Amino acid sequence: MDLVIVRGGGDIASGVVYRLYKSGYKIIVLEIAKPTSIRRKVSFSEAIYNKRVNIEGINGVLATEIHEISKIIEEGSIPIYIDEKGVAIEGFKPLAVVDSILAKVNLGTHREMAPITIGIGPGFEAGCDVDLVIESKRGHHLGKVIYEGKAEEDTGIPSETNGYRNERVLRSPADGVVKVFFEIGDYIKEGEKVCEVGNIEVTAQITGILRGMIKEGLTVYKGLKIGDIDPRGIKEYAFTISDKARAIGGGVLEGIRYLSSRL
């Protein structure tokens, strides 16, 4: 039994999926109907909108019906299926369920879902609602497997890149629909208008590469993270899995292998 179900298909979840897939596990990704991923070029959630996505050589395919999932797996791809509540989990009887929604709270994952359950970041307690927790905060303990207790609390402060923190993050100035003027991977200068929410402009506070941008046409709320500018200016980083996602994926892989040996 080598099936792992991953709840969430954003960039961190996709780093987890990549590590597990490369290690021989079969994967199913469960997503919501309208994902708000920022780093869309490295998020399997994009299959919800585009039907297919390729991340570093791995294909993700939208399964519109539950019976399509097994066929997609047999073809060597990863099925992405809309199932916000995880209703399909019971029928597939996976070895492990990994909650990588990163909602900062537990949205319903529990230990009865599978022999192994893992939660990423704040909102979970190892040994209580899940078996293991993976640290998601950048720093010395990033990717650490927590066997008892919780991950560090979310500070709401972005991690530093080339001396920038909040300046590199684009947030919605109001509730409304997003209109985007640049593509992910574009070079943006400080002061340029990156997007609009309603009729309100969102301008770049720093110069760099647009590393992530929420899908145009989505309705967002004030304060939501909608974009990310990378001051390092390396275009490749917008199209490859991050060091953070790989580290967390390594922690998930360690946790599954450790608990599998004890089943």
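Over the chain, what portion of Cα pair distances is larger than 27 Å, expressed as a whole percent? Summing the P(r) of the chain above 27 Å gives 36 percent of all pairs.
Taking label points 7 Å from Cα along the Cα-to-Cβ direction, Ile234 and Ser23 give a separation of 2.5 nm.
Legend: ranking of residues Val105, Val98, Val194 from fewest to most surrounding C-beta atoms inside 10 Å; resulting order Val105, Val194, Val98. Per-residue extension of 0.36 nm, minus the Cα-Cα distance of Asp186 and Leu224, leaves a gain of 11.5 nm for this segment. Per-residue Cβ neighbour counts within 10 Å put Lys150, Lys41 in the sequence Lys150, Lys41, beginning with the fewest. A Förster radius of 25 Å, combined with the Cβ-Cβ distance separating Glu125 from Lys93, puts the computed FRET efficiency at roughly 0.55. In terms of other Cβ atoms within 10 Å, Phe124, Phe239, Phe44 run from fewest to most in the order Phe239, Phe124, Phe44.
On C-alpha positions alone, give me the angle between the axis of helix 243-260 and the longest principal axis of the chain, in degrees, nearest 10. For helix 243-260, the angle is close to 10 degrees.
Which net charge results when you count Lys and Arg as +1 and Asp and Glu as -1 among the other residues whose beta-carbon is under 10 Å from that of Tyr81? Taking every other residue near Tyr81 into account, the sum is -4. For Glu75 and Ala33, a Förster radius of 25 Å and the Cβ-Cβ distance give a FRET efficiency of 0.55, rounded to the nearest 0.05.
If you plug the beta carbon distance of Asp175 and Asp2 into 1/(1 + (r/R0)^6) with R0 = 45 Å, you get a FRET efficiency near 0.55.
The slack in the chain from Glu112 to Lys85, taken as 0.36 nm per residue of separation less the alpha-carbon distance, amounts to 8.3 nm. The 3J(HN,Hα) values that the Karplus relation (6.51, -1.76, 1.60; θ = phi - 60°) gives for the stretch 148-154 are, in residue order, 9, x, 10, 6, 5, 5, 6 Hz. Gly and Pro appear as x.
For the options Lys26, Lys71, Lys235, a Gaussian network treatment of the chain with springs between C-alpha atoms closer than 10 Å singles out Lys71 as fluctuating the most.
Over all distinct Cα-Cα pairs of the stretch 166-231, the Kirkwood formula returns a hydrodynamic radius of 11.3 Å.
Here, each number is a calculation from the coordinates, and none is a lab measurement. Just so it is clear, the model here is predicted, and its values are computed rather than measured. Virtual Cβ from ideal backbone geometry, glycine too; neighbours counted across all protein chains shown.
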